[in-house]
1. Out of the residues in the stretch 11-66 that are in a loop (DSSP other than H, G, I, E, B) and not polar (S, T, N, Q), state the one that is farthest from the chain's Cα centre (by Cα).
2. Those residues that are surrounded by fewer than 16 Cβ atoms within 10 Å (Cβ to Cβ) and either among the small types (Gly, Ala, Ser) or not assigned by TED's automatic domain parsing to the domain that holds residue 105 (or both), I need them from the stretch 67-84; list them, please.
3. Restricting attention to the stretch 56-71, which residues are of a type in the set (Val, Ile, Thr) and touching a His at 6+ places or on another chain (Cβ under 8 Å)?
4. Inspect the stretch 133-151 for any residue being of a type outside the set (Asp, Glu) and in a helix (DSSP H, G or I) and give the result as yes or no.
5. Which one is modelled with the lowest pLDDT among residues in the stretch 99-116 that are of a type outside the set (Val, Ile, Thr) and outside any helix (DSSP H, G or I)?
6. In the stretch 137-162, what residues are modelled with pLDDT of 90 or more and touching a helix residue (DSSP H, G or I) at 6+ places or on another chain (Cβ under 9 Å)?
7. Can you spot a residue in the stretch 28-43 that is within 30 Å of residue 173 (Cα to Cα) and free of Cβ contacts under 8 Å to residues at least 40 places away in the same chain?
8. I'd like to verify a number: residues in the stretch 92-135 that are over 23 Å from residue 158 (Cα atoms), of a type in the set (Val, Ile, Thr) and crowded, with 18+ Cβ neighbours inside 10 Å, how many?
Amino acid sequence: MRYLVEDPSYLLMALGLVALGFLIALRVTQQGKYLIRAGVVAAIAAAIFGFEWYWVTDAERVEAVVYDLARAVEASDVDRIKSHLDDRVTVGMRDRTVDGSLPMRFVFPLLSRTHFDFVRVSQLTTSAGRQTKLGKAEFKVSATGTFDEAGSQVPLGTMGTEWSLGFREASPGVWKVTRITAIRVPGQVARALFGR
């Protein structure tokens, strides 16, 4: 059932093929009953599509926050990133977790001096609890760009990182990041976050 709720595209494709089959049967046999059946199947597909478009799950909202964060990082838009963070966000790596305000004081100025060529999120998995109002996202990020170091542009190599984010529903339909955990990051990112 989760696949139907999260992504009905396979069901919609199957219904489209069934409707197409009825239209082919109409063409071959010239019997109007196939046109009616094709219309019914198309109406069911349209209803499912409309329902999916209208009903956004909490996991899809968490996913949307992750993708908006990636776009904000790519644009070096610090204010947009801050808008997605909870007031009590924590930052962690391996066995160390700290108050997020401390490393963010160093990361945000660095980010504003960085121009990304691209930031791509891949292998994203999300979950959100309807009862707990807590969510989670795990994903990989590939990025490259340049860093402004005293007026000269220092190229950044393509970085591959892995992250885990914790979320809470701050208000109905609004999810905020409460935890940022670096699973795998290059040394310079770890030093910027934790001074190591």
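1. From the stretch 11-66, those in a loop (DSSP other than H, G, I, E, B) are 30-31, 55-57; that's our starting set.
Filter again for not polar (S, T, N, Q), leaving 55-56.
Numbers: 55: 17, 56: 13 Å.
Out of the qualifying residues, it is 55.
2. 75, 83
3. Once the filter is applied, which keeps residues that are of a type in the set (Val, Ile, Thr) and touching a His at 6+ places or on another chain (Cβ under 8 Å), the stretch 56-71 yields only 65.
4. For the stretch 133-151, residues of a type outside the set (Asp, Glu) and in a helix (DSSP H, G or I): absent.
5. Among residues in the stretch 99-116 that are of a type outside the set (Val, Ile, Thr) and outside any helix (DSSP H, G or I), the one modelled with the lowest pLDDT is 100.
6. 137, 139, 141
7. Narrowing the stretch 28-43 to residues within 30 Å of residue 173 (Cα to Cα): 43.
Still in the running and free of Cβ contacts under 8 Å to residues at least 40 places away in the same chain: 43.
The answer is yes, given that some residue of the stretch 28-43 is within 30 Å of residue 173 (Cα to Cα) and free of Cβ contacts under 8 Å to residues at least 40 places away in the same chain.
8. Taking the stretch 92-135 as the starting set, the residues that turn out to be over 23 Å from residue 158 (Cα atoms) are 95-102, 105, 126-135.
So of that shortlist, the ones also of a type in the set (Val, Ile, Thr) come out as 97-98, 126, 132.
From what is left, the residues that are crowded, with 18+ Cβ neighbours inside 10 Å are 126.
Counting residues in the stretch 92-135 that are over 23 Å from residue 158 (Cα atoms), of a type in the set (Val, Ile, Thr) and crowded, with 18+ Cβ neighbours inside 10 Å gives 1.
The values are calculated or read from the model by the stated rules, or taken from the named source; none is laboratory data. Just so it is clear, the structure is predicted and the values come from calculations on it, not from any experiment. With ideal geometry, Cβ positions are generated from the backbone for all residues, glycine too; neighbour counts draw on all protein chains shown.
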